[in-house]
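No lab work stands behind these numbers, since they all come straight from the coordinates. Quick caveat, the model's predicted, so the values are computed rather than measured.
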Amino acid sequence: MTKADKYIKSDAKKEENENEKDNAMAIGLSLGMSFGLMFGIMMDNLALGIALGSALGLAFGALYGEKEKK
């Protein structure tokens with residue numbers, strides 16, 4: 001195995017980890033938005049539900065993405 005092969009493999013692994021983190025952020029945001037919409041409808045304040053859901057979803061995605069990275 002040459003030096004170039006090692007760099008190619010490390011770059012591929014780094015890219016795969018970044019994709020997993022991006023996927024976790026997308027999943028977290030979509031779940032947070034759906035729960036936020038339900039919460040907003042229950043509280044009769046849709047804007048609050050969307051804001052709360054997106055914030056919680058991004059936080060969940062960031063935390064889950066960091067766990068997947070390790």
| note | Placing one equal point scatterer on each C-alpha of region 19-69 and summing with Debye, one gets log10 I(q)/I(0) at q = 0.17, 0.18, 0.29 Å⁻¹ equal to -0.45, -0.49, -0.88
| query | Short version: ³J(HN,Hα) in whole Hz for each residue of region 32-43, in order, from phi by Karplus 6.51 cos²θ - 1.76 cosθ + 1.60 (θ = phi - 60°), x for Gly and Pro, what are they? | reply | x, 5, 5, 5, x, 5, 4, 5, x, 5, 5, 8
